[in-house]
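The values are calculated or read from the model by the stated rules, or taken from the named source; none is laboratory data. Given the structure is predicted, the values throughout are model-derived calculations rather than measurements. Reconstructed Cβ throughout: ideal geometry from the backbone, glycine too, with neighbour counts over all protein chains shown. We work out accessible area using only protein heavy atoms, side chains counted, and drop any ligands, DNA or RNA first. Shrake-Rupley method; radii C 1.70, N 1.55, O 1.52, S 1.80 Å.
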Amino acid sequence: MSKAKLIVFEGVDGSGTTTQVARLQQRLVKENIPACKTAQPSERPTGKMIREILAGRLIQNPGFATMSLLFAADRQDQQESEILPCLYRGESVICDRYVHSSVIYQSLSAQDPSIRTWIKEVNRHIMVPHQVIYLRIDAKTAAQRRAERGGDEEIFDKMPFQQRLVDTYDSIQRIFPNHRIATIDATQSIEQIEEEVWGVVEPMYRK
Ligand code: TYD
């Protein structure tokens, strides 16, 4: 377990976390560092239910508390059945979104920053990642990227909400003072971002 790390990518919708998760995992494997990738919401039963809700197909207008608890349940289940077994096998885990998304998205939905304490509390058995990589992008560029990518609109895609997300993500280090967080400019090219990510991650595996 000693060399296996949990590295998570965070950012607003359209910041490119999914692309960079895949690139980092491939790069680690190429460097003979065992690594698997995953995402939250997960592909497990609770994660699948959450995706249906996000697409507006299961529950209409779910409240922030319902969503917070569902995301926390999915995260806990994924930790027990996927992330910890992977780390114990000696494989690093690269995760697309983590507890930061819950604290930021669901507290904005609640329109009450003080609710962050409760959201952290329901996630208290979730392990602290070895490294968080925050891909920083402005709301306008992120919206353009989402439009280019296509796909159905999800419940968090509205522009005023995305602007508030950017503002809150910019305080991620203050919201999670005990987490090791690197901020990378996600308006750069995919290759430039990959290099900066590698610059953060590579020293973690040096002894
Ligand atoms: P996303 O990474 O965008 O998945 P996909 O690329 O497959 O659409 O995640 C789905 C949405 O869920 C995204 O808008 C962020 C939101 N989310 C939360 O609100 N809270 C959470 O705890 C997590 C993990 C995601």
Which is in contact with a helix residue (DSSP H, G or I) (Cβ under 9 Å, 6 or more places away or on another chain), more than 24 Å from Pro160 (Cβ to Cβ) and either in contact (Cβ under 8 Å) with a residue 24 or more places away in the chain or surrounded by 20 or more Cβ atoms within 10 Å (Cβ to Cβ) (or both), of Gly11, Gly47? Gly47
Could you tell me whether any residue of the range 136-149 is hydrophobic (A, V, I, L, M, F, W, C), within 30 Å of Pro203 (Cα to Cα) and in contact with a strand residue (DSSP E or B) (Cβ under 9 Å, 6 or more places away or on another chain)? yes
Per the filter on the range 71-104, residues open to solvent by 40 Å² or more (accessible area, probe 1.4 Å) and among the hydroxyl-bearing types (Ser, Thr, Tyr) are Ser81, Tyr88
When you go through Ile193, Ile184 one by one, which is the residue that is among the aliphatic types (A, V, I, L, M) and either assigned to a helix (DSSP H, G or I) or under 17 Å from Arg116 (Cβ atoms) (or both)? Ile193
Considering only the range 93-118, state which residues are polar (S, T, N, Q) and away from the ligand (no atom under 12 Å from the Cβ). Gln111, Ser114, Thr117
When the range 168-195 is examined, which residues are found to be closer than 16 Å to Phe9 by Cβ, among the acidic types (Asp, Glu) and either open to solvent by less than 20 Å² (accessible area, probe 1.4 Å) or more than 18 Å from the chain's Cα centre (by Cα) (or both)? Glu195
For residues in the range 134-157 being assigned to a loop (DSSP other than H, G, I, E, B) and free of Cβ contacts under 8 Å to residues at least 24 places away in the same chain, which is surrounded by the fewest Cβ atoms within 10 Å (Cβ to Cβ)? Gly150
Count of the range 135-156 residues which are touching a helix residue (DSSP H, G or I) at 6+ places or on another chain (Cβ under 8 Å) and within 12 Å of the ligand (Cβ to nearest atom): 5
Residue satisfying all of: in the range 20-42; open to solvent by 40 Å² or more (accessible area, probe 1.4 Å) and touching a helix residue (DSSP H, G or I) at 6+ places or on another chain (Cβ under 6 Å); nearest to the ligand (Cβ to nearest atom) among these: Lys37
